[in-house]
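The values are calculated or read from the model by the stated rules, or taken from the named source; none is laboratory data. Values in this document were obtained by computation on a predicted structure and should not be read as measured data. Don't worry about glycine lacking a Cβ; one is built from the backbone with ideal geometry, like all the others, and counts go over all protein chains shown. Keep in mind that these areas ignore ligands, DNA and RNA; they rest on the heavy atoms of the full protein, side chains included. Shrake-Rupley method; radii C 1.70, N 1.55, O 1.52, S 1.80 Å.
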Amino acid sequence: MHKIKLLRGCTYLLLLQQGLAYADISGKVFTDFNLNGVLDSTGSIQNFAKNMSINTALDQGLSGVSVQASCVTSSGSTNFSAVTDAQGVFTIATPNTVEGSQNCLLKLSSLPEGYSVGSQSTSDANVLTQFVSPNASNVQFAVKQSLSYCQNNPDLATSRFAHGQQTV
């Protein structure tokens, strides 16, 4: 707070904001079934044999994942955390953080058994950490479970049985 004098001896108070942000970091941790690094909420492929579309697997949020943020605050660096809900959504309150485009280091600190970090967006990098602003929204972490992976248009192998005598 600063005092300034203006005309005729009147004293006014000038309040200066110190660039503090009072916001939240929010996003989603999801199982990326086709490993494209993108949260797929819709999708289909063309079945040329039947001339029809077939829906692909939709990515699903992953619950119980601990997400931590280490942010620059007015008193130095402070750690904040949250756990994803049943839909994989998290919200981390970031009080007293300093405004800035990359002032928070966001990372997954625990994953359920059988899961590992997947590709993020269109890059092939498996990312466990991201730099974000203290008011970032729609932050996404793709994770994979090797037992659940399948590309969008998989090859299919099956048995074929024929009726009748098979030996000559």
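Can you tell me which residues in region 83-101 are within 18 Å of the chain's Cα centre (by Cα) and within 14 Å of P134 (Cβ to Cβ)? So that I can check it myself, show each step before the final result.
Applying the first criterion (within 18 Å of the chain's Cα centre (by Cα)) to region 83-101 yields 83-94, 101.
If the condition is that a residue be within 18 Å of the chain's Cα centre (by Cα) and within 14 Å of P134 (Cβ to Cβ), then T91, I92, A93, T94, S101 are the ones that fit.
Consider L20 carefully, then state whether it is modelled with pLDDT under 90, open to solvent by 80 Å² or more (accessible area, probe 1.4 Å) and of a type in the set (A, V, I, L, M, F, W, C). Can you show your working first?
Working: modelled with pLDDT under 90: yes; open to solvent by 80 Å² or more (accessible area, probe 1.4 Å): no; of a type in the set (A, V, I, L, M, F, W, C): yes.
Spelling it out, it is not the case that L20 is modelled with pLDDT under 90, open to solvent by 80 Å² or more (accessible area, probe 1.4 Å) and of a type in the set (A, V, I, L, M, F, W, C).
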Worksheet item: Mind checking which pairs have a first residue in region 39-66 that is more than 16 Å from V143 (Cβ to Cβ) and a second that is outside any strand (DSSP E or B) and open to solvent by 90 Å² or more (accessible area, probe 1.4 Å), Cβ under 8 Å, 6 or more apart or different chains?
Response: I45/N153
Worksheet item: Taking strands (runs of 3 or more DSSP E) that fall entirely within region 61-144, which contain at least 3 residues that are loosely packed, with under 14 Cβ neighbours inside 10 Å?
Response: 76-83
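I'd like the residue in region 25-60 that is under 21 Å from V132 (Cβ atoms), in contact with a strand residue (DSSP E or B) (Cβ under 7 Å, 6 or more places away or on another chain) and not in a strand (DSSP E or B) and, out of all such residues, is modelled with the lowest pLDDT.
Taking the candidates together, the pick is G37.
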